[in-house]
Amino acid sequence: MRRVLFILLPLVFLLLTGLWRRVAATSAQAYKDYLFQYDLYRQYNADFKVARTEYFKFQSLLSQNAALEKAKTVLGQRDELLRAYLLLLNEKLNEDPGLSTVEKQLYQRLITSEITFLQNHILLIPSIGSLDDAESVSGQLTTHYAILYASMRQTMVALSLGQLAMSAKQYEQILTGATNLIRTNRSGFAAQKQAVLDRWLLSVTDKKSLYQQKIDTITKANSLIKGSSPEEVDSLYAKVRKDLAEAKQYLGEGMSYMQELVNAARYQD
Amino acid sequence: MLPAIRTNMDNESSFIPTPPTPYEPPKNLEWPAATPSPSQPRTPVWAIAATVVLVGTLAIIFVVASQRKPAPIVTEVASPTPTPSPTPVRTPSILATQSAFLNLQASVSSLSALLDAADQDSTLTPPVVDLKLDLGKQ
């Protein structure tokens, strides 16, 4: 009886507290947490701006202390917000079915490095004693932000590559299936019809090759998304996004050729 | 004066043509002298101008009236449409009913729809944060 209670009680505890649900952090939960942190940041930032305005207006010790407290709060919340966003990206990477384990680990290493920086940065905040200290601590994140932002953008590109990889896998399966089907039933078509089907198959294969070349270009360009400012990072990111759209377009065109092949193969003539 | 001609009914042996009398123009044939016409009163200028104005006005009224006439009703003549040619009947191939072909068709439609969808997840947009505190600026 004691043994049964010893086993059942923790289970009942887990069921009541819902702790078992928190063990597996999904991207949906990470997204909710990110939104919550974002709302807090906006609120604290607005409070800080009001306190700063009052300090500039009154230049009193009271307003200065209030501005300092609000600055410390907003600095801490800013780090929490960025950390929540990086955790969201991490969960998305975990759930992405298109990326290989090696690729996931590469980007997760980037994320872990940035989370470590933020955790170390947030430890500096309690030691802020003056407005100059607040400026100095804030400046450390400002200096590092371009690197952090580049890591974010690289991870976003990786997630897009993962989605495209899934589509490309389906594309390959469809192409293989169509090729086998046409080859098996070739004798049932006239010579002219066979030539038409072969041309469509060739067109579909060509589009796959173009897609793969584009993916190789994107992978190389993604590793070079860096800059001294977020704006510079964004301009490189925009070019990579354009390449991603082109790669997707190749797959789309290939599928339209496949549809033509299906329409042609449906009839004898 | 023409010579007398006797007909066969009269007497054939007594036909003797007589020479025509030479023409003598009448004497003292002169055109009568032109007698001057009696002096007629001249038409006044105002009458001529009034006539011209009247004729011109009537002409303008006629032109305007003719332009104001309603456009003639155009009756549409229905032209006979050609009989459309019948859709050619195409023979389905041996593949058309195979399950592998139908699965292929479904897969193509599915992937095409997926590729048409939006590519970027909107939840992944990075947060916008203020990097500078600007505590020294007023």
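If you place +1 on the Cβ of every Lys and Arg, -1 on the Cβ of every Asp and Glu, and leave all else neutral, what size is the dipole of chain A about its Cα centre, to the nearest 20 Debye?
840 debye
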* Any idea what the relative contact order of the range A:159-246 is, in percent, if you count C-alpha pairs under 8 Å spaced at least 6 apart? -> 29 percent
* To do: List the relative contact order of chain A as a percent without decimals, with contacts defined as Cα pairs under 8 Å and 6+ residues apart.
  => 18 percent
* To do: Working from Cα positions, state the angle (0 to 90°, nearest 10) between the long axis of helix A:2-17 and the longest principal axis of chain A.
  => 90 degrees
* Which residues of the range B:86-109 bury at least 40 Å² of accessible area once all protein chains are present, versus their chain alone (1.4 Å probe)? -> B:90, B:91, B:93, B:94, B:95, B:101, B:104, B:105, B:108
* Which of A:224, A:265, A:190 sits farthest toward the positive end of the charge dipole of the range A:135-269, with +1 on the Cβ of Lys and Arg and -1 on the Cβ of Asp and Glu? -> A:190
* Structure fact -> Computed about the Cα centre, the charge dipole of the range A:44-83 from +1 Lys/Arg and -1 Asp/Glu charges at the Cβ has a magnitude in debye, to the nearest 20, of 100 debye
* To do: Determine the calculated [θ] at 222 nm for chain A from helices alone, applying -39500 (n - 2.57) to every DSSP H run no shorter than 4 residues and normalising by the residue count; nearest 500 deg cm²/dmol.
  => -31000 deg cm²/dmol
* Structure fact -> For the range A:86-236, dividing by residue count, accessible area per residue (probe 1.4 Å) in Å² works out to 49 Å²
* To do: Kindly identify residues of the range A:226-269 having a loss of at least 20 Å² in accessible area between the isolated chain and the assembly of all protein chains, probe radius 1.4 Å.
  => A:241, A:248, A:255, A:259, A:262, A:265, A:266, A:267, A:268, A:269
* Positive dipole terminus of chain A, leading residue within A:113, A:168, A:30 (C-beta point charges) -> A:168
* To do: Kindly report, to the nearest 10 Å², the accessible surface of residue A:54 as traced by a 1.4 Å probe over protein heavy atoms only.
  => 90 Å²
* **Size of the A/B contact, given as accessible area buried on both chains, probe 1.4 Å, in Å²** => 4400 Å²
* **Lys, Arg +1 and Asp, Glu -1 on Cβ, resulting dipole of the range A:223-262 about Cα centre, debye, nearest 20** => 100 debye
* To do: Leaving ligands, DNA and RNA out of it, rank A:223, A:187 by accessible area with a 1.4 Å probe, largest first.
  => A:187, A:223
* Asked: What average count of beta carbons from other chains do you get within 10 Å of the Cβ of residues in A:83-93?
  -> 1
* Highest GNM mean-square fluctuation, chain A, Cα pairs closer than 10 Å: which of A:58, A:36, A:117? -> A:58
* When each of A:104/A:239; A:49/A:239; A:226/B:132; A:193/A:214; A:49/A:242 is checked by Cα-Cα distance, pairs over 29 Å -> A:49/A:239; A:193/A:214; A:49/A:242
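The values are calculated or read from the model by the stated rules, or taken from the named source; none is laboratory data. No experiment lies behind these values; they were computed from the predicted model shown. Heads up, the Cβs are rebuilt from the backbone with ideal geometry, glycines too, and the neighbour counts pull from every protein chain shown. Remember, those area values only see protein heavy atoms, side chains included, never the ligands or the DNA or RNA. Shrake-Rupley method; radii C 1.70, N 1.55, O 1.52, S 1.80 Å.
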